[in-house]
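Structure, as structure tokens:
The values are calculated or read from the model by the stated rules, or taken from the named source; none is laboratory data. Treat the numbers as computed from the prediction; the structure is a model and nothing was measured. Note that we place each Cβ from the backbone using ideal geometry, even for glycine, and neighbour counts take in every protein chain shown.
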Amino acid sequence: MKQTNILLGALLALLSSLIAVADSSLVITDPWVREAPPGADVLAAYMTIANPGANTATIIALSSPDFERIEIHRTLVEDGVARMVPVESLRIAAAERVVFEPGGMHLMLYNPKRQLREGDSVLLDLQQATAASIRVDVPVVKMNTDDDDDHHHHH
């Protein structure tokens, strides 16, 4: 009887976590990483993350086999000076989306493990608070700095 209760409790916990994961699915669109010059220690990634679910989703960690570490940053302009501020976790409300773009929210990709060129792709894993993880295959794009606004028109 005691084993049955333990098994039933474990089954209910698993079912609850599966329901939470199913409800917090995020949709990633238009991901891209800017190609950096040889020897660059930091690259940036951009994308749109939408939450079509009924509950707030929270991204608590990011990782990649292609980079030593990844951080979420947002750009703040104070007194005419832009600076990047790390974001510990990212909450995306139900039916909302967050746009990662040059000059705004973005991912900082530290210490690439290989030289990345246009046409390559990298894998990013987004870990949610619900324990759900999303793997995104992100293309590397070569751009000039004045092409940022045109990127979405060519993708």
Considering only residues that are among the small types (Gly, Ala, Ser) and part of a loop (DSSP other than H, G, I, E, B), which ones fall in segment 102-143?
GLY103, GLY104, GLY119, ALA129, ALA131, ALA132
Test: ALA40 is farther than 22 Å from ARG83 by Cβ and among the hydrophobic types (A, V, I, L, M, F, W, C)
no
From the list VAL99, VAL85, exactly one residue is of a type in the set (Val, Ile, Thr) and either outside any strand (DSSP E or B) or loosely packed, with under 12 Cβ neighbours inside 10 Å (or both). Which is it?
VAL85
Subset of segment 31-41, residues surrounded by fewer than 14 Cβ atoms within 10 Å (Cβ to Cβ) and out of contact with any Pro (no Cβ under 9 Å at 6 or more places or on another chain), comes to PRO37, PRO38, GLY39
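For segment 101-119, give me the residue count where each residue is of a type in the set (Asp, Glu) and without any contact (Cβ under 8 Å) to a residue 40 or more places away in the chain.
Residues in segment 101-119 being of a type in the set (Asp, Glu) and without any contact (Cβ under 8 Å) to a residue 40 or more places away in the chain: 0 in total.
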The condition of being modelled with pLDDT under 95, of a type in the set (S, T, N, Q) and part of a strand (DSSP E or B) holds, among THR75, THR48, THR58, only for THR75
